[in-house]
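The values are calculated or read from the model by the stated rules, or taken from the named source; none is laboratory data. These numbers come from a predicted model, not from an experiment. A quick note on method: Cβ atoms are made from the backbone with ideal geometry, for glycine too, and the neighbour counts reach across all protein chains shown. Note: accessible area is taken over every heavy atom of the protein model, side chains too, but ligands, DNA and RNA are not part of it. Shrake-Rupley method; radii C 1.70, N 1.55, O 1.52, S 1.80 Å.
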Amino acid sequence: MRFFHISDLHIGKRVNGFSMLEDQKLILQQILDLAEKYCPDGVLIAGDLYDKSMPSGEAVETADEFLFQLSKQGIPVWAVSGNHDSPERIAYGARMMDQAGIHMSRVFDGKLQRHTFTDKKGETVDLYLLPFIKPGTARKFFPQETVMTTQEAVSLVLGQERLLKDRPNLLVMHQFLAGASTCDSEEIQVGGADQVDAFLTDSFDYVALGHLHGPQKIGRETVRYCGSPLKYSFSEVSHKKSVTVVDISWENQEKSGKEKQKWKIEVSTLPLRPRRDLRRLKGPLEELLKPEIWQQGNREDYVQVVLTDREPVLDAVGKIRSVYPNVMQIDFELPGQKQEDQEETEVREKTPLELFEEFYEKQAGEKITEKQLRTAQRILNQMKEDKA
């Protein structure tokens, strides 16, 4: 049994003022072509189908065409809503779409949504859908519990489910797992209030994650972010975009005179190639405009240019655009600025709790205690929850 795992399509997204819709249509067609070639038994979409809770008409048409083509190939889909999606809009018509094999997550009702799927060989898996939730989303379904963090919300939802052990159990969810690597194009709460520990998913054989744009595993090989199919910020320049392929194979074993069925899960990727890449170029203007430099890549790529000229540059935008028509950003790096940028980056990468700890030590002249840290974390979490 084979599944494609994709997420964070962000259909309708604009990057630095550039519409990505045509690029998205092409990359979605690549996914359809890969599906036709590698014949998955289903596609798992782990959230952020759209970039906005109220997507444009053209974005909806693009998503509709993609789902229709998968259905036309006879490939079922299981999808959850992400933090960029409107749960109600994703759920609209879900019961009718079920009949076409397109299973969209319903509005969260306090429980996982389970779907049982049996392939042509008679092998069976259970797929569980958990749309993006926040503490406030879950709190009303657990009135007897204190739900202050996403960790507590997800723990309550997953903890009430009793999985059948005679088949693989797959979970599709859109959350931020602790320890994962992030980038600038993602919405992550400072202070860690939105983090979820990976051990909560230990009972599932495969966890199809969405929310983070960089493909990566969290702990074990079968807890994975597939990443976004396109680069949506220059912090993703080094990413290798792909479709994650999940293969489940069964084998029968004799044990104590009884036949016991087991399964094995293998994960691989299929590369995706965009119409235009996102690239970062750095150097003096005269150097970047030389043919031997711009001929090394596609001139039509989306580029960020960092100019290092020591003297003022006249009409930098016009000169750069004459060679790189899809330049998205032009920055200037002045002498001595590198160290300042490094210090600013170090501050941005620290959590509010870490910054508070440093501030306390400078003011009090002593290290903060564990009890004080816990109190500060509770206050930060409450502030985030009140804001949400």
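Can you pull the Kirkwood radius for the chain, inverse mean 1/r over Cα pairs, to one decimal in Å?
23.3 Å
About its Cα centre, how strong a charge dipole does the range 37-127 have in debye, to the nearest 20, once Lys and Arg get +1 and Asp and Glu get -1 at the Cβ? Intermediate results must be reported in sequence, preceding the final value.
Working: 10 positive and 14 negative charges, 60 e Å.
Dipole about the Cα centre, nearest 20: 280 debye.
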Helix 57-72 versus the longest principal axis of the chain: what is the Cα-based angle in degrees, 0 to 90, to the nearest 10? 40 degrees
Nearest-ten-degree value, helix 337-348 long axis tilted from longest Cα axis of the chain: 30 degrees
Just the accessible area per residue of the range 80-210, please: how many Å² with a 1.4 Å probe? 46 Å²
Within the chain, longest stretch clear of exposed trypsin sites (Lys or Arg not before Pro) (DSSP loop, no more than 14 other Cβ within 10 Å): 1-110
By DSSP, what percent of the beta bridges with both residues in the chain are antiparallel, rounded to the nearest 5? 45 percent
Name the residue, out of SER268, SER203, SER233, whose mean-square fluctuation peaks in a Gaussian network model built on the chain with Cα pairs under 10 Å. SER268
Two-decimal log10 I(q)/I(0) for the range 1-131, as the Debye equation yields it once each C-alpha is a single scatterer, q = 0.14, 0.16, 0.17 Å⁻¹: -0.61, -0.79, -0.89
Among LEU130, LEU355, LEU307, the residue with the largest mean-square fluctuation in a Gaussian network model of the chain built from Cα contacts under 10 Å is LEU355
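Taking a 28 Å limit on the Cα-Cα distance, which of the listed pairs LYS13/LYS111; LYS25/LYS282; LYS111/LYS217; LYS13/LYS121 fall beyond it? Walk me through the numbers before you get to the answer.
Numbers: LYS13/LYS111 31 Å; LYS25/LYS282 30 Å; LYS111/LYS217 26 Å; LYS13/LYS121 40 Å.
In this structure, LYS13/LYS111; LYS25/LYS282; LYS13/LYS121 lie more than 28 Å apart at Cα.
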In degrees, nearest 10, the alpha-carbon axis of helix 370-387 is tilted away from the dominant principal axis of the alpha carbons of the chain by 90 degrees
For the chain, the percent of accessible surface on carbon and sulfur atoms (probe 1.4 angstrom, ligands and nucleic acids excluded) is 49 percent
